[in-house]
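Derivation of every value follows stated rules applied to the coordinates shown; laboratory data play no part. Remember, predicted model here, so these are calculated numbers, not experimental data. With ideal geometry, Cβ positions are generated from the backbone for all residues, glycine too; neighbour counts draw on all protein chains shown.
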Amino acid sequence: MRKYLVLASIVLGVSALAYATTYLGALGPIGSDTRQLAKLFLMHTYNPEFPELTAMSPEAVTSIVWDFRGVDTLYETVVFYMAIVAALAIYRGVGYSAIRGAGLSVIVRVVTRILIPMNIAIAVSIAAHGYLAPGGGFQAGAALAVISVLLAVVFSASSFGKLGISLARAVILWTAGLLAIAAVVFAPVAFSAVTGVRAFLMQNYVKLDSPFAFAIHIYGQQVSGTPTWFNLAEFLAVSFGFFVIFMLLSLREDVVREQLGESRGH
């Protein structure tokens, strides 16, 4: 009975929060107009008539995160990745070769095998359409990383090795995502150094004093410049960054203590 009460309280709490934010907080005071700051953001999010004053991305949040305040987002991303580096340093020397486990029942495994491809498709869609609809690289990466939790819980931590998933490979893919982010960040500066055309760090589209711009359309398909590439790179980095963390957390304490003791001579 207790678990049903807990479940009901969670549902009611989430519903109340959703109602409050949707019908009270989001609309602001009754009878008030849209705030001027919100109007400015919406006006400059996607405005082809004034290309030097717009991010050319229809999704306002993505424009703000990766263009209007892109440097802030970059440093927030660095903080997250440094935490992953710290976790790798703490668990240095721990492997999965000695991990054994039975996992859950056959029914749960079959259902999970069906859900994982759906999970991948949804995560990729969130990342690829982050410049058009709510979502983006971080949200998509977190969604994909759920697979690592499913593997650890449903099939046991030993499933990582059986599937060819290792910490080393996850770190390589995570690093590839970081390098891709860095490439987009410094591309305008590199272009400026080679051509002599003025361009700025993380620049997306033309500015009043700089003609540099990332491609907004590729073969007729809108891509909205840097927000798309940042989302895809962040998707790769966040996915496998969380993979690393969840893989480490899936290890039993006694196994970690034993392997760390052996690798460090304690």
For 108, 14, 184, 206, which order do you get if you count the other beta carbons within 10 Å of each Cβ and list the fewest first?
14, 108, 206, 184
How high is the relative contact order of the chain, in percent, counting Cα pairs under 8 Å that sit 6 or more residues apart?
24
The chain: angle of helix 36-45 to the longest principal axis, Cα-based, in degrees nearest 10:
90
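At most 13 other C-beta atoms within 10 Å and a DSSP loop state: those are the exposed chymotrypsin sites (Phe, Trp or Tyr not before Pro) I care about. Give me the longest piece of the chain that has none. Walk me through the intermediate numbers first.
Values: sites that count: 200, 219.
Answer from the scan: 1-199.
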Farthest towards the positive end of the dipole of the range 57-264, among 243, 213, 176 and with Cβ unit charges of +1 on Lys and Arg and -1 on Asp and Glu, lies the Cα of 243
Sequence order, the range 68-80: Karplus ³J(HN,Hα) from phi using 6.51 cos²θ - 1.76 cosθ + 1.60, θ = phi - 60°, Hz rounded, Gly and Pro as x, gives 4, 10, x, 5, 4, 4, 4, 5, 4, 5, 4, 4, 4
Of 224, 57, 166, which is the most mobile in a GNM of the chain whose springs link Cα atoms less than 10 angstrom apart?
166
Restricting to lysines and to Cα separations under 30 Å from residue 207, and discarding same-chain partners fewer than 8 apart, the set is 39
Taking Cα atoms only, helix 167-195 is inclined relative to the longest principal axis of the chain by an angle, in degrees rounded to 10, of 20
Choice from 132, 115, 232 showing the highest fluctuation, given a GNM over the chain with Cα pairs closer than 10 Å:
115
Give, rounded to the nearest 20 debye, the magnitude of the charge dipole that the chain has about its Cα centre when Lys and Arg contribute +1 at Cβ and Asp and Glu contribute -1 at Cβ.
900
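Just to verify a number: FRET efficiency for residue 215 and residue 53, C-beta to C-beta distance, R0 = 22 Å, to 0.05? Present the calculation step by step, with values, prior to reporting the outcome.
Values: r = 19 Å, r/R0 = 0.86.
With R0 = 22 Å, the Cβ-Cβ based efficiency is 0.70.
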Most fluctuating residue of 18, 121, 157 in a GNM of the chain with Cα springs under 10 Å: which is it?
18
